[in-house]
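Peer 1: Following this message is one structure expressed as structure tokens.
The values are calculated or read from the model by the stated rules, or taken from the named source; none is laboratory data. None of the values given here were measured: they were computed from a predicted structure. Ideal geometry is used to build each Cβ from the backbone, glycine not excepted, and the neighbour counts take in all protein chains shown. What goes into the accessible areas is simple: the full protein's heavy atoms, side chains included, and nothing from ligands, DNA or RNA. Shrake-Rupley method; radii C 1.70, N 1.55, O 1.52, S 1.80 Å.
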Amino acid sequence: MFAIPFLDLPPLTKASGQIRLPGSKSISNRVLLLAGLAEGSTLVHDLLDSDDTRVMIEALRNLGCDLAHEGGALRITGIGGRLSVQQASLFLGNAGTAMRPLAAALAVLAATQGGQFELSGVARMHERPIGDLVDALRQLGCDIQYLGNDGYPPLRLAGQPQGQLATGAPVRVRGDVSSQFLTALLLALPLASSGQGEAPGTDIVIEVDGELISKPYVEITLNLLARFGITVQRDGWQRFTVPAGSRYRSPGAVHVEGDASSASYFVALGAIAAVDAPVLIEGVGSASIQGDVRFVEAAVAMGADVRMEANRIEVRRGAWPLRAITLDCNHIPDAAMTLAVMALYADGPTRLTNIASWRVKETDRIAAMAIELRKVGAQVEEGADFIEVRPPQAWQPAAIHTYDDHRMAMCLSLAAFNGVPVRILDPQCVGKTFPDYFEALFQLAHTHHDLVPVITIDGPTASGKGTLASTLAASLGYHFLDSGSLYRVAALASLRQGVADTDGPGIAALISKLRLRFDGPRLFLDGEEVSDQLRREDVGSRASKISALGDVRAALYALQVSFRRPPGLVADGRDMGTVIFPDAALKVFLTASPATRAERRHKQLISKGISSNIDDLRADLEARDARDRTRAIAPLQPAEDALLLDNSAQTVDESVAQVLGWWEQRTPFGI
Ligand SMILES: Nc1ncnc2c1ncn2[C@@H]1O[C@H](COP(=O)(O)OP(=O)(O)O)[C@@H](O)[C@H]1O
Ligand SMILES: Nc1ccn([C@@H]2O[C@H](COP(=O)(O)OP(=O)(O)O)[C@@H](O)[C@H]2O)c(=O)n1
């Protein structure tokens with residue numbers, strides 16, 4: 001996950017490859033709740049690991065459910081419809097799929113078995129309406145108080161042991177604001193219809209007021225209830241009956257499908273950019289129980305070339321530009337946001353209607369979408385329940401606000417396919433449903449080599465290049481190339497194999513056979529971690545010697561260039577700005593006085609438990625500087641367009657801030 005303030009996407013050109021989707025959020029949180037309420041234990045496979053599922057899991061734990069990891073699956077032992085904890089305060093973040101059903105289940109449990117529960121979330125959760133659900137639960141006699149504003153969380157749910165619910169008359173609930181209120185009742189009311197002890201229980205009827213929106217989500221609920229032994233009778237979409245004597249029975253094991261709403265970003269990616277080879281999406285397909293798979297129909301209407309199988313979707317670019325459409329999106333409320341971004345690439349205005357529910361989601365998504373699409377150059381008209389997007393005449397680089405809304409971040413990342421870069425602010429908001437979204441995007445999306453931004457940090461030994469470059473890379477979410485480590489690994493390998501440090505062709509041949517693996521700052525040679533051995537002074541000194549050999553430098557060229565991948569690269573070494581990446585967008589030549597550098601290296605070695613003598617170190621580094629500066633090939637020298645930075649008197653943070661400041665001046669985002 002990119003836990004950084006912003007992530008800059010370079011202009012992207014094409015996409016291809018295969019992606020396995022994370023588990024569906026809607027299914028994951030429903031299954032978690034059902035397993036938590038059921039008797040017996042349920043092994044849940046392929047559960048989504050995200051912010052929203054984590055708050056649900058934590059809530060179940062606080063309510064006395066037993067949760068244990070078994071391999072990659074989660075075993076949940078439920079409470080069997082009986083409260084084992086009578087009092088709890090549950091924090092539910094911004095997870096509507098946790099707040100609504102838990103409010104209903106705990107209201108019913110507290111009302112019939114006694115107890116007191118408080119449910120709260122982040123500030124935005126306290127702005128998301130819940131009044132229609134509370135009104136419905138109050139008709140049954142549940143005791144629910146608003147702890148903040150009327151109609152919104154936080155809530156307090158209370159009741160007495162052996163309390164009775166008024167189940168005789170139908171419970172009425174509004175269906176035209178959010179279908180999650182009906183889902184919450186459907187998931188919770190079997191707790192009230194089951195009867196206590198010998199009592200037979202009663203049928204409970206729910207009647208929906210107004211036109212029910214987002215019906216496919218209600219279908220997911222009914223489908224999962226059936227898997228847990230509860231067959232709800234449905235008359236059209238207005239009347240639902242939870243039969244008397246319903247009891248949640250664990251099905252033993254459940255496999256969670258891939259998230260169909262998340263699939264929409266990759267279907268769109270294929271439609272926009274799968275020019276040479278398809279984008280293959282694994283984990284969801286025509287057999288899905290999620291309504292959002294029908295997004296595919298809309299994508300096809302816009303021109304996507306799609307092949308669907310039971311559990312996979314294959315997408316290529318079809319019509320180009322995409323075709324503008326007008327569509328009632330009631331059946332795909334979440335995935336429809338992706339259409340608004342596809343509309344940027346269409347041949348005319350695209351109008352998405354019947355999307356009023358966007359206004360009460362993680363943010364007001366109609367307003368947010370309009371503001372952000374205008375930033376890239378689109379003309380957008382918005383209304384209470386529609387949005388109309390006209391493609392940009394001229395695309396502009398834009399810094400996109402994401403409003404703590406995962407879907408805004410994922411959608412707007414798809415705006416990077418028309419020659420301009422896009423900055424995504426607060427990219428980690430994707431953690432709500434798809435923590436590794438950007439990693440997945442970068443795995444599939446390609447661009448021209450020279451469109452990937454590079455920052456080079458060159459300079460003499462122990463000037464702090466590695467420290468500065470790796471910190472910059474982490475701050476920007478860019479890849480990091482420590483080119484010295486490649487010379488060092490070649491030195492180590494040649495030392496081990498007894499190849500002379502003057503034998504250029506011999507070392508070059510050895511380099512071509514090196515089996516290297518990079519794992520963040522760790523480097524593995526033939527499966528063995530060698531990160532610490534590479535820092536040995538004898539290895540550094542041999543690296544300096546062999547790096548003067550033309551064959552060695554040539555043998556390492558392609559490997560270094562291969563690090564230049566989206567979203568960007570920070571590279572440190574001696575010739576990054578002069579030879580390997582001469583077109584780098586920012587070049588820094590980093591120096592510090594020999595005394596400072598010797599002292600730094602001395603401290604660094606001590607901290608690694610390696611003893612050394614500071615005078616020897618200084619003599620060695622001056623010898624190495626001299627050799628690096630005077631060698632015939634790729635000598636150590638600042639590139640003509642490099643900015644010089646002497647950090648002798650600077651802390652690491654100061655140097656990082658200075659270079660980030662220079663970088664910011666070279667980006668087009670103007671923050
Ligand atoms: N202002 C500074 N900038 C970078 N590194 C510094 C600074 N001050 C002290 N150091 C320390 O200097 C040591 C050498 O840095 P390193 O990044 O390994 O250098 P290089 O890659 O240039 O050989 C590290 O222990 C680092 O923490
Ligand atoms: N791009 C590079 C990087 C390192 N090198 C050589 O490889 C040696 C080890 O690199 P390094 O960056 O790990 O060295 P230190 O600066 O940490 O001493 C250096 O002494 C350089 O001679 C190079 O020639 N070109």
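This table checks each residue for (1) open to solvent by less than 10 Å² (accessible area, probe 1.4 Å); (2) over 25 Å from Asp572 (Cβ atoms); (3) within 22 Å of the chain's Cα centre (by Cα).
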| site | (1), (2), (3) |
| --- | --- |
| Ala415 | yes, yes, yes |
| Pro421 | no, no, yes |
| Pro427 | yes, no, yes |
| Thr433 | yes, yes, yes |
| Leu441 | yes, yes, yes |
| Ala445 | yes, yes, yes |
| Leu451 | no, no, no |
| Gly459 | yes, no, no |
| Gly466 | no, no, no |
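Peer 1: In addition: Which condition does Leu645 not pass, out of (1) more than 10 Å from ligand 2 (Cβ to nearest atom); (2) surrounded by 13 or more Cβ atoms within 10 Å (Cβ to Cβ); (3) assigned to a helix (DSSP H, G or I), if it passes all the others?
Peer 2: Here Leu645 clears every test but (3).
Peer 1: Where residues in the stretch 476-515 are of a type in the set (Ser, Thr, Tyr) and crowded, with 19+ Cβ neighbours inside 10 Å, which of them is farthest from the chain's Cα centre (by Cα)? Working first, answer last.
Peer 2: Going through the stretch 476-515, the residues of a type in the set (Ser, Thr, Tyr) turn out to be 478, 483, 485, 487, 494, 502, 512.
Checking which are crowded, with 19+ Cβ neighbours inside 10 Å leaves us with 478, 483, 485, 487, 494.
Details: Tyr478: 16, Ser483: 29, Ser485: 30, Tyr487: 35, Ser494: 41 Å.
The residue in question is Ser494.
Peer 1: Shifting gears a bit: Just to check your reading of the model, which residue among Ala111, Ala107, Ala136 is under 16 Å from Leu34 (Cα atoms), more than 31 Å from the chain's Cα centre (by Cα), among the aliphatic types (A, V, I, L, M) and part of a helix (DSSP H, G or I)?
Peer 2: Numbers: Ala111 fails: under 16 Å from Leu34 (Cα atoms); Ala136 fails: under 16 Å from Leu34 (Cα atoms).
From the options Ala111, Ala107, Ala136, the qualifying one is Ala107.
Peer 1: Provide a single number: the residues in the stretch 459-479 that are touching a helix residue (DSSP H, G or I) at 6+ places or on another chain (Cβ under 7 Å) and more than 13 Å from Arg601 (Cβ to Cβ).
Peer 2: Matching residues across the stretch 459-479 total 6.
Peer 1: Moving to a separate point now. Which residues, counting only those in the stretch 449-492, are among the hydrophobic types (A, V, I, L, M, F, W, C) and within 14 Å of ligand 2 (Cβ to nearest atom)? First the steps, then the outcome.
Peer 2: Initially, the stretch 449-492 is screened for residues among the hydrophobic types (A, V, I, L, M, F, W, C), giving 451-452, 454-455, 457, 462, 468-469, 472-474, 476, 480-481, 486, 489-492.
Listed by number, the residues that qualify are Val454, Ile457, Ala462, Leu468, Ala469, Phe480, Leu481, Leu486, Val489, Ala490, Ala491, Leu492.
Peer 1: For the stretch 392-407, which residues satisfy the criterion of being closer than 23 Å to Ala3 by Cβ and in a loop (DSSP other than H, G, I, E, B)?
Peer 2: If the condition is that a residue be closer than 23 Å to Ala3 by Cβ and in a loop (DSSP other than H, G, I, E, B), then His401, Thr402, Tyr403, Asp404, Asp405 are the ones that fit.
Peer 1: Only one of these is under 22 Å from Val659 (Cα atoms) and away from ligand 1 (no atom under 16 Å from the Cβ): Arg574, Arg553, Arg565. Name it. Let's see the steps before the verdict.
Peer 2: Values: Arg574 fails: away from ligand 1 (no atom under 16 Å from the Cβ); Arg553 fails: under 22 Å from Val659 (Cα atoms).
Among Arg574, Arg553, Arg565, only Arg565 is under 22 Å from Val659 (Cα atoms) and away from ligand 1 (no atom under 16 Å from the Cβ).
Peer 1: Anything in the stretch 597-615 that is near ligand 1 (Cβ under 10 Å from one of its atoms) and either open to solvent by less than 60 Å² (accessible area, probe 1.4 Å) or within 21 Å of Gln650 (Cβ to Cβ) (or both)? List them, or say none.
Peer 2: Of everything in the stretch 597-615, those that are near ligand 1 (Cβ under 10 Å from one of its atoms) and either open to solvent by less than 60 Å² (accessible area, probe 1.4 Å) or within 21 Å of Gln650 (Cβ to Cβ) (or both) turn out to be Arg597, Glu599, Arg600, Arg601, His602, Lys603, Gln604, Leu605, Ser607.
Peer 1: So Glu382 passes all but one of these: (1) touching a strand residue (DSSP E or B) at 6+ places or on another chain (Cβ under 6 Å); (2) within 30 Å of Asp176 (Cα to Cα). Which condition number does it fail?
Peer 2: (1)
Peer 1: Within the set of pairs 6 or more residues apart or between chains, which connect a residue that is touching a residue at least 24 places away in the same chain (Cβ under 8 Å) inside the stretch 141-160 to a residue that is among the basic types (Lys, Arg) and open to solvent by 60 Å² or more (accessible area, probe 1.4 Å) with Cβ atoms less than 9 Å apart?
Peer 2: Asp143/Arg156; Ile144/Arg138; Ile144/Arg156; Leu147/Arg156
Peer 1: Name the residues in the stretch 206-253 that are in a strand (DSSP E or B) and either among the hydrophobic types (A, V, I, L, M, F, W, C) or free of Cβ contacts under 8 Å to residues at least 40 places away in the same chain (or both), would you?
Peer 2: Result: Ile206, Glu207, Val208, Asp209, Gln233, Arg234, Asp235, Phe240, Thr241, Val242, Ala253.
Peer 1: State yes or no: is Arg618 assigned to a helix (DSSP H, G or I) and open to solvent by 50 Å² or more (accessible area, probe 1.4 Å)? Before the answer, list the steps.
Peer 2: Details: assigned to a helix (DSSP H, G or I): yes; open to solvent by 50 Å² or more (accessible area, probe 1.4 Å): yes.
So Arg618 fits the description; yes.
Peer 1: Now for a separate question. I'm checking my understanding of the structure. Among residues of the stretch 519-539 that are small (Gly, Ala, Ser) and modelled with pLDDT of 90 or more, which one is farthest from ligand 1 (Cβ to nearest atom)? Break it down into steps so the answer makes sense when it comes.
Peer 2: To start, the set of residues in the stretch 519-539 that are small (Gly, Ala, Ser) comprises 520, 527, 531.
Applying the additional criterion that residues be modelled with pLDDT of 90 or more yields 527, 531.
On the way: Gly527: 25, Ser531: 13 Å.
Only one residue fits best here, namely Gly527.
Peer 1: Quick one: which strands (runs of 3 or more DSSP E) sit completely within the stretch 302-368 and have at least 1 residues that are among the acidic types (Asp, Glu)?
Peer 2: Working: elements: 305-309, 312-316, 326-328, 350-353.
Here the list reads 305-309, 312-316, 326-328.
Peer 1: If you scan the stretch 265-287, which residues turn out to be surrounded by fewer than 24 Cβ atoms within 10 Å (Cβ to Cβ) and assigned to a loop (DSSP other than H, G, I, E, B)?
Peer 2: Val275, Asp276, Ala277, Pro278, Gly283, Gly285, Ser286, Ala287
Peer 1: Going through the stretch 648-665 one residue at a time, which ones are touching a residue at least 12 places away in the same chain (Cβ under 8 Å) and either assigned to a loop (DSSP other than H, G, I, E, B) or within 14 Å of ligand 2 (Cβ to nearest atom) (or both)? Before the answer, list the steps.
Peer 2: So in the stretch 648-665, the residues touching a residue at least 12 places away in the same chain (Cβ under 8 Å) come out as 648, 652, 655-656, 658-660, 662-663.
If the condition is that a residue be touching a residue at least 12 places away in the same chain (Cβ under 8 Å) and either assigned to a loop (DSSP other than H, G, I, E, B) or within 14 Å of ligand 2 (Cβ to nearest atom) (or both), then Ser648 is the only one that fits.
Peer 1: For residues that are outside any helix (DSSP H, G or I) and within 16 Å of ligand 1 (Cβ to nearest atom), tally how many sit in the stretch 450-505.
Peer 2: Taking the stretch 450-505 and keeping what is outside any helix (DSSP H, G or I), we get 452-464, 477-482, 497-503.
If we keep only those that are within 16 Å of ligand 1 (Cβ to nearest atom) too, we end up with 455-464, 480-482.
The total comes to 13.
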